[in-house]
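The values are calculated or read from the model by the stated rules, or taken from the named source; none is laboratory data. Everything numeric in this text was worked out from a predicted model, so none of it was measured. Here the Cβ positions follow ideal geometry from the backbone for every residue, glycine too, while neighbour counts run over all protein chains shown. Side chains are part of the model used for accessible areas, which takes the heavy atoms of the whole protein and leaves out ligands, DNA and RNA. Shrake-Rupley method; radii C 1.70, N 1.55, O 1.52, S 1.80 Å.
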Amino acid sequence: MLRHIIVPEDLTAHEIEAVFAISRDLETRFEEGLREPLFPGRVLGMVFEKPSLRTRASFEAAMIHLGGGAMFLGQETGFSTSRESVADFGRVLSEYVDVVVCRSKRHDTIEALAAASSVPVINGLSDACHPCQALADLYTLRERLGSLGGETLAFVGDGNNVARSLAVVCGLLGMRFVLAAPEGFQFDDDFRRHLRSILPGAAIVETTDPAEAVEGAACVYTDVWTSMGQESERARREAALRPYQVDAALLRRAPDAVFMHCLPARRGEEVTDDVMDGPQSVVVDQAANRMHVQKGLLAWILGHQA
Ligand code: CP
Ligand code: NVA
């Protein structure tokens with residue numbers, strides 16, 4: 001059956017565990033120096049409408065490690081412009097590649113691409129969500145904490161695409177999720193209703209108080225205050241979110257927590273240098289795991305079993 005991963009809840013908890021098992025297995029072998037060509041000749045098409053380092057480079061490296069190849073398709077392809085319809089683009093691209101990763105400005109562009117594609121489409125970030133990020137982050141926490149059940153992830157800052165995906169994957173894997181954000185930057189009512197419908201028993205809490213949010217947390221997480229595409233709102237966002245900076249004083253309230261950030265970071269805004277570079281920070285490990293988990297996801301979607 002053709003599977004697209006457009007939102008994190010396109011995977012069940014059981015399927016996420018299957019992806020993590022493959023990821024762990026391939027990560028262990030990678031660390032031993034083994035890069036088994038499980039999928040020779042398979043091609044990943046990477047359609048990107050926004051800048052990227054981690055998602056682009058980690059997917060491309062992962063596909064090469066698997067014995068296949070990756071093709072970066074940037075703005076020069078005319079994707080999602082008047083050059084041709086997204087549906088025509090998807091129908092044709094599906095003839096050349098085995099799987100597609102798409103990063104789009106608008107979430108419905110990825111939905112339209114997937115609807116027209118005859119190969120799996122994976123969301124590599126949209127304005128609505130960032131499923132691959134949240135999967136890699138929970139994999140990172142699982143590696144560090146052993147088990148996630150009952151632990152708290154406190155997200156401090158803008159209730160954005162990354163926060164939304166973390167809330168869903170935390171809910172799926174039994175982790176408590178707390179969002180500390182000012183009014184106007186919390187989840188919207190539609191998303192709250194959606195969370196309640198897909199994860200009725202999940203512990204997902206919102207507060208305006210960052211200190212309360214991080215108390216007892218196993219992970220303190222933040223992301224930029226101004227996401228790609230929101231640049232015209234920068235001044236308003238900085239003013240509202242300034243009290244939500246993750247600094248040493250806030251992190252002292254969660255001495256056992258790891259600090260996470262999806263990156264890229266704007267140091268001095270949502271996070272201070274001493275936190276980013278401090279002993280609680282796992283941001284580089286987190287970025288490294290993007291490759292391991294996406295490799296597991298690619299292998300899973302192409303039919304590999306652990
Ligand atoms: N975290 C993340 O997705 O980074 P990029 O925007 O560099 O891909
Ligand atoms: N919220 C950020 C995440 C970047 C990986 C953005 O959308 O720009």
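Looking only at region 158-169, decide whether some residue is buried (at least 19 other Cβ atoms within 10 Å of the Cβ) and farther than 18 Å from Leu125 by Cα. Within region 158-169, not a single residue is buried (at least 19 other Cβ atoms within 10 Å of the Cβ) and farther than 18 Å from Leu125 by Cα.
Of Leu26, Leu2, all but one fail to be away from ligand 1 (no atom under 16 Å from the Cβ) and open to solvent by 20 Å² or more (accessible area, probe 1.4 Å); the exception is Leu2.
Does Pro243 satisfy the criteria of being over 24 Å from Leu125 (Cβ atoms) and touching a residue at least 60 places away in the same chain (Cβ under 8 Å)? Yes.
On inspection, Leu298 does not qualify as open to solvent by less than 70 Å² (accessible area, probe 1.4 Å), over 22 Å from Ser58 (Cβ atoms), touching a strand residue (DSSP E or B) at 6+ places or on another chain (Cβ under 7 Å) and assigned to a helix (DSSP H, G or I).
Among the residues of region 154-174, those that are out of contact with any Ser or Thr (no Cβ under 6 Å at 6 or more places or on another chain), under 27 Å from Glu269 (Cα atoms) and away from ligand 1 (no atom under 16 Å from the Cβ) comprise Ala154, Gly159, Ala167, Val168, Cys170. Selection over region 75-93 of residues that are part of a loop (DSSP other than H, G, I, E, B) and surrounded by 15 or more Cβ atoms within 10 Å (Cβ to Cβ) gives a count of 2. Met228 meets the conditions (1) open to solvent by 30 Å² or more (accessible area, probe 1.4 Å); (2) closer than 30 Å to Ile122 by Cα; (3) touching a helix residue (DSSP H, G or I) at 6+ places or on another chain (Cβ under 8 Å); (4) in contact (Cβ under 8 Å) with a residue 24 or more places away in the chain in every case but one. The failed one is (3). In region 187-225, the residue that is farthest from Ser147 (Cα to Cα) out of those that are of a type in the set (S, T, N, Q) and open to solvent by 40 Å² or more (accessible area, probe 1.4 Å) is Thr208. Taking the criterion of being more than 16 Å from ligand 1 (Cβ to nearest atom) and either open to solvent by 50 Å² or more (accessible area, probe 1.4 Å) or in a strand (DSSP E or B) (or both), the residues of region 101-136 that qualify are Arg106, Asp108, Glu111, Ala115, Ser118, Val121.
Pairs linking a residue in region 38-55 that is away from ligand 2 (no atom under 16 Å from the Cβ) and open to solvent by 20 Å² or more (accessible area, probe 1.4 Å) to a residue that is assigned to a loop (DSSP other than H, G, I, E, B) and modelled with pLDDT under 95, with Cβ atoms under 6 Å and 6 or more positions apart or on different chains, are Leu38/His304. Restricting attention to region 136-158, the residues that are among the aliphatic types (A, V, I, L, M) and under 28 Å from Glu183 (Cα atoms) add up to 4.
Yes/no matrix, rows are residues, columns are (1) touching a residue at least 12 places away in the same chain (Cβ under 8 Å); (2) within 16 Å of ligand 1 (Cβ to nearest atom):
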site	(1), (2)
Arg196	no, no
Leu199	yes, no
Ala211	yes, no
Ala239	no, no
Ala257	yes, no
Val275	yes, no
Met291	yes, yes
